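The values are calculated or read from the model by the stated rules, or taken from the named source; none is laboratory data. Note that the coordinates shown come from a computational prediction; the quantities given were computed from them, not determined experimentally. Note: ideal-geometry Cβ built from the backbone for every residue, glycine included; neighbour counts use all protein chains shown. Heavy atoms of the whole protein, side chains included, go into the accessibility calculation; ligands, DNA and RNA do not. Shrake-Rupley method; radii C 1.70, N 1.55, O 1.52, S 1.80 Å.
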Amino acid sequence: MSKPYDPAAPDITPRIAAELIAHEGIVCEAYLDSVGVWTWSVGLTDASGHKVGRYRDNPQSLSHCMAVFVWALRRNYLPAVLAAFGSYEPQEHELAAALSFHWNTGGIARADWMKQVMAGDREAARAAMLNWARPASLLGRRRKEQALFFDGIWSEDGKALVYAVAKPSYRPVNGKRVAVADLLANVLADEGDTPADAPAAPEPAAPPASACNAEPQLSWLRRIFGLS
């Protein structure tokens, strides 16, 4: 089992990871994003420190996709969020909302709403979070992060959209809802981090069988097409 959340030593939990994945979706092989950058897993590019080109025409298991995502989240985003909290000990839902915000915007260090939270003005902070809803398509996500941070209302349900890759365009298609909660719990139970750029071990050529039986979805990854 993964460790229980401890506000005195805040870290990624399965529920936190599931919340972010629910906003983003997963693609198990490399694809081209809206500006032609090779991307993989939960929106990871080479800038994450993990080379994603190796996954072109090389689908990986959901467990591998999520293990590298958790590694990147802990390595690249958690430190800045914890720095913004300072000496404050965030509850699990507060850390989840702040991480989701920072993953999407990269702006936690300069966000007025976070500074207002730290100053004790939570009502002003609640309103100020919505100032980061540009383009307007981000408003829904900001409202979910707002409800999570200030009211403890989670939007994830233990499932996420998993996308196939159309070729030769290498664009994600045919999102299906797949249960990820148990897989994330297993990933987090292993305390060893995924190496930044270790050669990937051979993986199954497709997501687990559950993906094939999942409910088809018509929506596309917002991030892929520049909407979030």
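On a full-extension model of 0.36 nm per residue, what is the gain between ALA124 and ALA80, subtracting their alpha-carbon distance, rounded to one decimal in nm?
Roughly 13.6 nm would be gained on extension.
How much accessible area per residue does the stretch 56-109 have, counting only protein heavy atoms and a probe of 1.4 Å, in square angstrom?
Per-residue value: 33 Å².
Would you mind getting me the FRET efficiency between SER87 and ALA147? Use the beta-carbon distance for r and R0 = 30 Å, nearest 0.05.
The formula returns an efficiency of 0.75 here.
Within straight cross-link reach of LYS176, meaning Cα distance under 29 Å, which lysines are found once same-chain residues fewer than 8 apart are removed?
Output for LYS176: LYS51, LYS144, LYS159, LYS167.
With the Cα gyration tensor of the stretch 1-53 in hand, convert its eigenvalues to equivalent ellipsoid semi-axes via √(5λ) and list them largest first in whole Å.
One finds semi-axes of 28, 12, 9 Å for the stretch 1-53.
What relative contact order, as a whole-number percentage, does the stretch 15-156 give when Cα pairs under 8 Å and 6 or more residues apart are counted?
The value is 21 percent.
Starting from the stretch 34-136, pick out the chymotrypsin sites (Phe, Trp or Tyr not before Pro) whose DSSP state is loop and whose Cβ has at most 16 other Cβ atoms within 10 Å.
The qualifying sites are TYR88.
Mind listing the long-range amide H neighbours of GLY152? Cut-off is under 5 Å, sequence gap 5 or more, other chains count too, H placed in the peptide plane at 1.01 Å from N.
none
Can you work out ³J(HN,Hα) from phi for every residue in the stretch 72-77, in order, using Karplus 6.51 cos²θ - 1.76 cosθ + 1.60 and θ = phi - 60°, giving whole Hz and x for Gly and Pro?
Karplus values, whole Hz, x for Gly and Pro: 5, 4, 5, 6, 9, 10.
Based on the alpha-carbon gyration tensor of the stretch 117-163, what equivalent-ellipsoid semi-axes (square roots of 5 times the eigenvalues) come out, in whole Å, largest first?
23, 15, 7
Label-point separation (nm) for ASP157 and ALA9, each offset 7 Å from Cα along Cα-to-Cβ?
It is 3.5 nm.
Would you mind getting the Kirkwood hydrodynamic radius of the stretch 95-136 from its Cα pairs, rounded to one decimal in Å?
Its Kirkwood hydrodynamic radius stands at 10.4 Å.
Roughly to the nearest percent, how much of the accessible area of the stretch 60-135 is carbon and sulfur, given a 1.4 Å probe?
So the carbon and sulfur contribution to the accessible surface is 49 percent.
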